[in-house]
Amino acid sequence: MRWLQDQVALVTGGGSGLGRALVERFVEEGARVGVLEVSPAKVHSLRQEFGDAVVAVAGDATAVAANEEAVRATVATFGRLDTFVGNAALWDFGTPLADMSSATLSTAFDQLFALNVKAYLLGARAALPALRESEGSMIFTLSNAAFQPGGGGPLYTSSKHAVVGLVEQLAYELAPAIRVNGVAPGGMLTDLRGPDALGLATRPLSSVLREDTMRGFNALEVAPTPRDYTGHYVLLASRQNNRTVTGSIHRCDAGVGVRRFRPHPTT
Ligand SMILES: NC(=O)c1ccc[n+]([C@@H]2O[C@H](COP(=O)([O-])OP(=O)(O)OC[C@H]3O[C@@H](n4cnc5c(N)ncnc54)[C@H](O)[C@@H]3O)[C@@H](O)[C@H]2O)c1
């Protein structure tokens, strides 16, 4: 039997990168999947590729109504919701504090935290009644930057550290009905963007990160693909294989945390 047979998940940012790999893997494991995705082109592509196995909703995860609509459409289409995956986020491309004026910092903070932290809370809140009913689970995407510096600038690193608290608090509040866990990947070449206030809205991470750079900063010397991280989500979401884990974060960054980043050559 497949690990997510007859389960239903909802993934934010399922249109590319890790979110898209999760949609594909969850469907392979027997699940049906709702997606909340801001890009209409990516929504169209999901509908083309996955047909009836996926219901893709176009909307902004930082808005209350979009989260409520994504939950409504998923439950209306598939009859239930077993797992909410908060995943869509922005990176700050490592922008240091000193490189931002106070005004830029203020706007960039609002844009980045709105998606990386507030949207996770809004999605969790919208999914709560359906997850209480199914006694389901939540899984949040973090990063190596949730545990150590150097994987982003102060905006990204602090936003991902905030999600550690979010996982622990929600696991505490929502037990025993709902399991709440996180997955903290390391680098992967994706379409990940940054806040408009930093001029990073149209620039993908894959334009600045290379496979050999990734191999150089993790202990296992690998260049992971989004697919490489999906097994952690499958395990945490699986009713048959996870009756015991809540409040936990899988650190699957290929050992960035084992060696830590090397100091920047100019420092
Ligand atoms: N790429 C990496 O190196 C890396 C490393 C560690 C952690 N992560 C984390 O992985 C997660 C997924 O990122 P990714 O690398 O796959 O990037 P990605 O940009 O490929 O995927 C994010 C998706 O979210 C969508 N999105 C953006 N803003 C949205 C909004 N307001 N509402 C709804 N959808 C929105 C994007 O269109 C995109 O499809 C993020 O939480 C990121 O922090 C990425």
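Computed values, structure above
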{"read-out": "Structure-based [θ]222 nm, the chain - -39500 (n - 2.57) summed over DSSP H runs of at least 4, per residue, nearest 500", "value": "-12500 deg cm²/dmol"}
{"read-out": "Mean shadow area of the range 156-205, taken as a quarter of the surface of its Cα convex hull (nm²)", "value": "4.6 nm²"}
{"read-out": "Semi-axis lengths, Å, the range 1-131, gyration tensor of Cα atoms, sqrt of 5 times eigenvalues", "value": "29, 15, 13"}
{"read-out": "Farthest toward positive dipole pole in the range 8-254 [+1 Lys/Arg, -1 Asp/Glu at C-beta], among LEU128, GLY165, GLY59", "value": "LEU128"}
{"read-out": "Total charge dipole magnitude, the chain, about the Cα centre, Cβ charges on Lys, Arg, Asp, Glu only, Debye to nearest 20", "value": "380 debye"}
{"read-out": "Scaled radius of gyration (Cα, divided by 2.2 N^0.38 Å) that the range 175-267 gives", "value": "1.33"}
{"read-out": "Cα Rg, Dmax, the range 112-257, angstrom units", "value": "15.9, 46"}
{"read-out": "The chain: DSSP helices with Cα axial extent of at least 20 Å and average Kyte-Doolittle hydropathy no lower than 0.5", "value": "64-78"}
{"read-out": "Relative contact order (%) - the range 8-254, alpha-carbon pairs under 8 angstrom, separation at least six", "value": "20 percent"}
{"read-out": "The chain, accessible area per residue, ligands and nucleic acids excluded (1.4 Å, Å²)", "value": "45 Å²"}
{"read-out": "Which of MET188, MET1 is most accessible, then next, and so on - probe 1.4 Å", "value": "MET1, MET188"}
{"read-out": "Whole-percent carbon and sulfur share, accessible surface of the range 8-254, 1.4 Å", "value": "53 percent"}
{"read-out": "Per-q log10 I(q)/I(0), the range 35-78, q = 0.14, 0.32 Å⁻¹ (Debye; single scatterer per alpha-carbon; no solvent)", "value": "-0.28, -1.12"}
{"read-out": "Kirkwood-type radius of the chain, with distances r between different C-alpha atoms, in Å", "value": "18.5 Å"}
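The values are calculated or read from the model by the stated rules, or taken from the named source; none is laboratory data. None of the values given here were measured: they were computed from a predicted structure. Cβ atoms come from the backbone with ideal geometry, glycine included; neighbour counts cover every protein chain shown. Note: areas computed on protein heavy atoms with side chains; ligands, DNA, RNA excluded. Shrake-Rupley method; radii C 1.70, N 1.55, O 1.52, S 1.80 Å.
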